[in-house]
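Notes to accompany the following structure.
The values are calculated or read from the model by the stated rules, or taken from the named source; none is laboratory data. The structure displayed is predicted, hence computed values, not measured ones. Don't worry about glycine lacking a Cβ; one is built from the backbone with ideal geometry, like all the others, and counts go over all protein chains shown. In case anyone asks, the SASA skips ligands and DNA or RNA and just uses the protein heavy atoms, side chains included. Shrake-Rupley method; radii C 1.70, N 1.55, O 1.52, S 1.80 Å.
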Amino acid sequence: MAARGVERLLNVIMTIGSRRRIDRTKLFAVIPDYAAATSPEAVERMFERDKAAILDLGLPLVTETDVLDENTVYYRIDTAGADAVLDVTTEEYTVLLAASRAWDDAAAGGAARRVRAKLLSLGHDADPDLLRRTPRGAVESLPVLSPLLEAVTSARAVSFTYRSASGAPSTRVVEPWIVGVHEGYWYIHGWDRDRGAPRVFRASRIESFPTLGTAAAEPRPEGLDLAAVLEDQHRSDDRATARITAAPYKALALRDRAGAELDVTELTLPELPRPAARRLLLGESRWIELREPRAWRDELAEVLGAIAALHEGPADLSALEAATPRPPTRIRTSSSGTDHLSRLLGVASHVMAKGESDLAELAGELGITEKQLIDDLQVLFLCGDLGNGWEDLIEAEWEQGTVRVRNAEPLRRALRLSPVEVTALLAGIAALEPAAGETEAILDSARTKLLAAAGLDTAPPSTPVPAATEPAAEPAARADPTARRGEEVLAAVQHSLHTADPAAALTIRYSGPDRPGTSVRRIRPLRIETTGSRSYLRAHCELAGAERRFRLDRIVEILPEGTPSARSPEADAAPGPDLRGLLEGEVWVRLSPPARWIAESFSAAELRDGADGSLFARLPEPLQAALVDAVLETAGGAEVLSPDVFRNTIVTVTRAAEDRHTQHEALR
């Protein structure tokens, strides 16, 4: 919808909403674009599109036929219950606003953009203190999500171009059952019409804007759970518990599964399928030794030896040089007129409800610049109730940084959220939960009201909301040392954020992923962030003299005030390569299909397709420790091609881990 279409639709809303009702003939006569239409059929088509857009905005447009003359049609905007769209407290509004920001609105499309504007129409002011303490969640934001969510909520099929793990793109026609987040990534699970079977798709591998199709024909199974579906892909009859030795404060993913203290060295993992266990153990192999089962230990040593052998000596770059560069995927989703109109209505409703608003603060809540906001206000200034002539226009002012809107009463209403927009907010809430802490109860109540407002008793099938914990399991959860420590750290961090005292600081013991042992750091917390299933603390670190990001589950403990800062003494004496910080320059890696996730996780700057089905990825300045662990986790599916010095690093690290698993006398 072009700018002219936005103005026309705003005039239609103002003209209909300013009176009890207006008949179709008069409406077509007073709206200039309708009056200037080339034919009755053209104006009918234009108006039908406008009606759909008005309903999509959440405005209750009502069509009525005259009881005495069925040829006379009236339109009105229902005012009944206009103030009961979403009845939330200031605290609940604040966490919903934070949830809306979990989506990158520039990438995620209309649903993310409209949600923020519709929240603004509620007329609340966010609690700045709570907003500071509420974690900043992040979910993978992709332009394909809006049509996929719409396909789920409308029970329709959708077609798109998909690049599978094998690397070949193909057109797929799918009836989505679930569109949800798992460990920070979006997946689609549904019925693949071409394969005639259920399939799972990674949303980031969709390379065309999905097109909505016909109604779904395959019934959706009851009780689907995305995590269970993904776990089923790694099931194996070869299952066992594993006993490992781990360096203190390391192998955190394994300690989480074992529910073990951070300083113990003997861990027993719960029963796991062999493929899943191997991936976990390889990813942590710098810090662990697998003791039992013996067969798994021998397999681990064999895989580590193969990875080392793959990286010994210079790499053969001929396949890389002959590979075909892959053009970057560009799915364009420019802001639509409906998105723009949602923002205009949200601004007008919010300002009229408050009387006036600060220009800078209002732009910040919308996630736009002050110039964009002024441009919006100029559009409002040009529109109004055209049934009474051009004199009855909206009055908008923004002098001296204060915004006022008058003579726009039809726009003073809360906008209803669509099921797709409810799903977008629920996904954002789920992104906040790993570090919710004291805001957990507010998140729960906001979710409940959100579902009630959408007419849902439970979350829709596309909503990635964690299952509720049974009351009986609560004592066990709190007895878990990992959970207890995490609660204590999070409480201390949120208390520090609550004080908002620039001089306030915390002293923490931190277990970094790139060096042995722990360090003691004095930090000033700035905010909490979540990415996928991980939570981070952004803080100023006195030891580094700069802002740093600390993973919350790697904060071992909060130390007494006055404890001196100190780097890990073990790091200086540790044998092997130094894996601290970023690797300067770029790294080329060859990825087999199961290892292609590395290209996404490390934001590859360039991709090339090899003749044998391999994918070559150029990674700019990756984190050294993280890339080493990722290469090991793929069990040989990834090979570092350059630089040679980093190939040597892989060999050194892998041979050391292999040696630990070939010293059989250690098992006695």
Estimated inter-spin distance, THR245 and LEU68, nm [label 7 Å along Cα→Cβ]: 9.7 nm
3J(HN,Hα) from dihedral phi, segment 165-170, Karplus parametrisation 6.51/-1.76/1.60, rounded to Hz, x for glycine, proline: 4, 6, x, 8, x, 8
For the chain, calculated [θ]222 nm from helices alone, where every DSSP H run of n ≥ 4 adds -39500 (n - 2.57): -11500 deg cm²/dmol
1.4 Å probe accessible area per residue over segment 1-55, in Å²: 49 Å²
Summed residue charge, Cβ within 13 Å of ASP69's Cβ, Lys/Arg positive, Asp/Glu negative: -3
Neighbour net charge for PRO410 - beta-carbon separation under 13 angstrom, K R +1, D E -1: +3
Rounded tilt (10° steps) of 370-381 against the dominant C-alpha axis of the chain: 20 degrees
Overall Cα dimensions of the chain - principal axes, largest extent first, Å: 98, 61, 50
Cα shape, segment 235-347, gyration tensor, a/c 1.5 rule: oblate
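For the chain, which whole-number percentage of the solvent-accessible area (1.4 Å probe, protein heavy atoms only) is attributable to carbon and sulfur atoms?
Values: 14980 of 29900 Å².
Of all accessible area on the chain, carbon and sulfur atoms account for 50 percent.
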Label point distance in nm, GLU231-THR563, each placed 7 Å from Cα along Cα→Cβ: 3.5 nm
Between 0 and 90°, nearest 10: helix 419-432 axis offset from the chain longest Cα axis: 40 degrees
Approximate spin-label separation ALA322-LEU543, in nm, with each point projected 7 Å along Cα-to-Cβ: 5.0 nm
For segment 120-174: accessible area per residue (Å², 1.4 Å): 34 Å²
Mean-position separation - Cα centroids, segment 561-632 and segment 292-326, in angstrom: 15 Å
Gyration tensor (alpha-carbon) shape descriptor, segment 565-666, a/c threshold 1.5: oblate
3J(HN,Hα) from dihedral phi, segment 517-526, Karplus parametrisation 6.51/-1.76/1.60, rounded to Hz, x for glycine, proline: x, 10, 10, 10, 9, 9, 10, 10, x, 10
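Tell me, what is the per residue accessible area of segment 194-345 in Å², probe radius 1.4 Å?
50 Å²
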Peptide ranges 346-358, 55-67 listed from the most packed, as the mean C-beta count within 10 angstrom indicates: 346-358, 55-67
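Between beta-carbons, use under 9 Å as the cut-off and find the net charge around ARG286, counting Lys and Arg +1, Asp and Glu -1. Provide the component values of the computation, followed by the final result.
Working: positive: LYS250; negative: GLU284, ASP629.
So the environment of ARG286 carries a net charge of -1.
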Helix 440-453 axis, angle to the chain major axis (alpha carbon atoms, nearest 10°): 40 degrees
